Amino acid sequence: RIAELALQLLNTSGTESAGFVLVKELAVRGQLSAPLADRLSAILAGDDRNRAGEALSALDRKLRSPSLMPILETGLQSPFADVRAWSGARLMLMGGGLELRAQWDHPDPELRKLAAIAFGRFSYQVQTPNQQVDLAEFTVAVRADEVAQVEHLLVDDPNAEVREQTLLSLRQMTFADTALDALLTSSDLRLREHGLKRLAERPANEQVAAL
């Protein structure tokens, strides 16, 4: 019933702020209903910047529930740069690496920068016993089809800060075994060096077969 009341308040002009108070309580309890989550997603992607800000405030940054991730993903589509950045930062805190890596070609350079960070930060298995959320659930090594995306961010991105961030993240990246061919044939020397390192880690008979 509280979720229904919150939804009603969000949909009524002049009572939205009261609705967000209930949203915060429900989010803490992990009791956001599907219709309420859809409404929050619409607000984050909508053209009312103030309401989007209230929605993000209601989804407390301390919360780590995976159920909030689809809502925050919608915030990446906001027409407002700060809402996109806030949504992306929350996803980063929650381990939304795959969602952020998918923003590698977004028109917003801030989201591309977050994508570059995510390629490094979430391309390895995180094992922290006391973490509120098992980030390993959201991590995966950089795939073969993503090597070209990393290369673009590293070499061809028009924004110097994005290129610099990708170079910093490159030191953290773990590449899937299936990405070896893509690394060895990359046009960028730094990525080829990563491929050679991966090749050197293989048994001698596998090295010969890979060449």
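For segment 159-185, filtered to residues that are touching a residue at least 40 places away in the same chain (Cβ under 8 Å) and not in a helix (DSSP H, G or I), the residue that is surrounded by the fewest Cβ atoms within 10 Å (Cβ to Cβ) is Arg171. Looking only at segment 55-73, residues that are of a type outside the set (Ser, Thr, Tyr) and open to solvent by 20 Å² or more (accessible area, probe 1.4 Å) come to 8 in all. So, Ala52, is that one within 24 Å of the chain's Cα centre (by Cα), open to solvent by 20 Å² or more (accessible area, probe 1.4 Å) and hydrophobic (A, V, I, L, M, F, W, C) or not? So Ala52 does not fit the description; no.
The number of residues in segment 1-43 being open to solvent by 80 Å² or more (accessible area, probe 1.4 Å), among the aliphatic types (A, V, I, L, M) and closer than 17 Å to Met69 by Cα comes to 1.
Looking across Leu180, Leu189, Leu168, one residue alone is farther than 15 Å from Trp104 by Cα, modelled with pLDDT of 90 or more and touching a helix residue (DSSP H, G or I) at 6+ places or on another chain (Cβ under 6 Å). It is Leu180. Within segment 93-118, residues that are touching a residue at least 40 places away in the same chain (Cβ under 8 Å) and surrounded by fewer than 21 Cβ atoms within 10 Å (Cβ to Cβ) sit with their Cβ atoms under 9 Å from residues that are of a type in the set (Lys, Arg) and in a helix (DSSP H, G or I), at 6+ positions apart or across chains, in these pairs: Asp105/Arg112.
Inspect all residues belonging to segment 193-202 and state whether any of them is outside any helix (DSSP H, G or I), within 27 Å of Met69 (Cα to Cα) and modelled with pLDDT under 90. Break it down stepwise before answering.
Looking only at segment 193-202, we keep the residues that are outside any helix (DSSP H, G or I), and these are 201-202.
Still in the running and within 27 Å of Met69 (Cα to Cα): none.
No: zero hits.
The values are calculated or read from the model by the stated rules, or taken from the named source; none is laboratory data. What you are looking at is a predicted structure, and each value in this text was computed from that prediction instead of being measured. Backbone-built Cβ (ideal geometry, glycine too); neighbour counts: all protein chains shown. We work out accessible area using only protein heavy atoms, side chains counted, and drop any ligands, DNA or RNA first. Shrake-Rupley method; radii C 1.70, N 1.55, O 1.52, S 1.80 Å.
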